[in-house]
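Participant: The structure is given below, and queries will be raised subsequently.
The values are calculated or read from the model by the stated rules, or taken from the named source; none is laboratory data. What you see is a predicted model, and the numbers here were worked out from it, not measured in a lab. Cβ placement follows ideal geometry from the backbone for every residue including glycine, while neighbour counts extend to all protein chains displayed.
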Amino acid sequence: MAATRNERRPAGKRRRGAVCGRASTGARGPRLIQGDCIEVLSGLEEGSVDAVVCDPPYAIGWQNESWDAGAIREAAARHGHGRLSKPEAFEVWCSLWGAGCLRAMKPGAFLLAFGSPRTYHRLAAGLEDAGLEIRDTLMWLYSSGMAKSRRYPDGRRTALKPVLEPIVLARRPLDGTTEETIAVHGTGALEAEACRVEGRLPGNGLISHDPGCAEGSCAPGCAVGLLDVAAEGGEGGTVPQLAPSRFLYCPKPTRAERDAGCEDLPETFLNLLPNASRGGMVTNPHPTLKPIDLMRWLVRLACPGGGLVLDPFMGSGTTGVAATLEDRRFCGIEIDKNYLGIAAARIRHWGGLGANGSPCAASSSARPPRTRSRRAPAGQPRR
Ligand SMILES: C[S@@+](CC[C@H](N)C(=O)[O-])C[C@H]1O[C@@H](n2cnc3c(N)ncnc32)[C@H](O)[C@@H]1O
């Protein structure tokens, strides 16, 4: 797939200059909304969204972020589901935002949501309880995860090194047959042709290179490189086989990709690899952002050309950047006003908001962070 890291839409060729303040989900300009998505979703136009592409909290207490832990249980309790275990509350919470998405989606529209191997089953069950049909599970494989485990005598550990994240593929039920749904709503089928990788139809496996890989040569231990070698029959093998890297090329976000567009925002300390002492000052400190190329491919797969993509957990706006680069309309919801400001800056950088475009916040105080803050190095590189 095409690399996007150094790609930037020239200012004169920006397609979407609209300020989003008055936009509905049907308008051309991106709409970035600050608020709790469970509340905000109920106010979106019914049946207006062509695809939901999102990366919700996994409920694993990631880097002690409250949105990934206590806030989920509190939200479930607020909606009448108290006294639940953490996993039960997560499932209920997923069914709540899933129902909000279902309402906003067109019949036949697809929803893609990342999950954690530990809590994915609750995510999928919650979305199913909301009325969505589970259609598939995609697996995103990478090699740069670090095990979050103590060492015990005799080489024992309590956890494996994480090398994958599942992505649930669900669909709002059709309106009649698939053909009828496509004819009436333009949704119902995946854009497989547009997602060919090296000429081949897409599969449900996505592989990331190691951050140390360069174009054409893999770092030692890179999952893609190892699989290629294996498929070719080992080092020096002569049996011609399909190379796994052909399924999807998807680099991890570099610091340049993370910070592009955020140059005017204050710097914050971020260390996603505390054990490797690789922390540094960044202008986009979001701890869990996804690669633009990966989100572009998912947007292209799930959303018909020119359609409207919704991300109810926008974070620093990678889905909005992807939608902009793939010529899809975008509506993003984010509860944290600092992340909303970062998302607006990144989407603007990639041409999705006009020079003066700003987020339409539920509270109009959405702004990039003003003060330098230091985030305590903690946690591990991937959730
Ligand atoms: C995993 S992150 C998404 C990161 C994003 N994919 C990116 O590349 O930047 C999840 C985001 O959801 C936000 N969030 C959590 N609960 C929310 C809620 N109820 N409504 C809206 N946003 C929420 C968090 O603040 C966080 O930024």
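Participant: Looking only at residues in segment 67-118 that are part of a helix (DSSP H, G or I) and of a type in the set (Phe, Trp, Tyr), which one is farthest from the ligand (Cβ to nearest atom)?
Facilitator: PHE90
Participant: Checking LEU111 against (1) closer than 26 Å to CYS222 by Cβ; (2) modelled with pLDDT of 95 or more; (3) not charged (D, E, K, R): exactly one of these is not met. Which one?
Facilitator: Condition (1) is where LEU111 drops out.
Participant: Does segment 326-342 contain at least one residue that is within 7 Å of the ligand (Cβ to nearest atom) and acidic (Asp, Glu)?
Facilitator: yes
Participant: Can ASP50 be described as modelled with pLDDT of 95 or more, away from the ligand (no atom under 16 Å from the Cβ), in contact with a strand residue (DSSP E or B) (Cβ under 8 Å, 6 or more places away or on another chain) and closer than 23 Å to ILE292 by Cα?
Facilitator: yes
Participant: Here's a follow-up. Any idea which residue in segment 284-305 is farthest from the ligand (Cβ to nearest atom), counting only those that are touching a residue at least 60 places away in the same chain (Cβ under 8 Å) and more than 24 Å from ARG196 (Cβ to Cβ)?
Facilitator: Among them, the one singled out is PRO285.
Participant: Mind checking which residues of segment 311-325 are surrounded by fewer than 24 Cβ atoms within 10 Å (Cβ to Cβ) and near the ligand (Cβ under 9 Å from one of its atoms)?
Facilitator: PHE313
Participant: Test each condition in (1) assigned to a loop (DSSP other than H, G, I, E, B); (2) under 24 Å from VAL299 (Cβ atoms) for GLY126 and report the one that comes out false.
Facilitator: (1)
Listed here are the residues, each with its yes/no results for (1) under 27 Å from GLU45 (Cβ atoms); (2) surrounded by 20 or more Cβ atoms within 10 Å (Cβ to Cβ); (3) of a type outside the set (Lys, Arg).
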residue: GLU88; (1), (2), (3): no, no, yes
residue: PRO107; (1), (2), (3): yes, no, yes
residue: ALA113; (1), (2), (3): yes, yes, yes
residue: ASP136; (1), (2), (3): no, no, yes
residue: LEU141; (1), (2), (3): no, no, yes
residue: ARG151; (1), (2), (3): no, no, no
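Participant: Assuming ARG31 fulfils every condition listed in (1) within 26 Å of PRO107 (Cβ to Cβ); (2) buried (at least 18 other Cβ atoms within 10 Å of the Cβ); (3) near the ligand (Cβ under 9 Å from one of its atoms) apart from one, which condition is it?
Facilitator: (3)
Participant: So is LEU308 surrounded by fewer than 24 Cβ atoms within 10 Å (Cβ to Cβ), more than 12 Å from the ligand (Cβ to nearest atom) and within 29 Å of ILE182 (Cα to Cα) or not?
Facilitator: Spelling it out, it is not the case that LEU308 is surrounded by fewer than 24 Cβ atoms within 10 Å (Cβ to Cβ), more than 12 Å from the ligand (Cβ to nearest atom) and within 29 Å of ILE182 (Cα to Cα).
Participant: Give all pairs with beta carbons closer than 6 Å in which a residue from segment 24-40 that is within 15 Å of ARG103 (Cβ to Cβ) meets a residue that is surrounded by fewer than 24 Cβ atoms within 10 Å (Cβ to Cβ) and at pLDDT below 95; count only pairs at least 6 apart in sequence or on separate chains.
Facilitator: none
Participant: Criterion first (within 20 Å of ILE167 (Cβ to Cβ) and touching a Pro at 6+ places or on another chain (Cβ under 7 Å)) does CYS94 satisfy it? Break it down into steps so the answer makes sense when it comes.
Facilitator: Details: within 20 Å of ILE167 (Cβ to Cβ): yes; touching a Pro at 6+ places or on another chain (Cβ under 7 Å): no.
So CYS94 fails the test.
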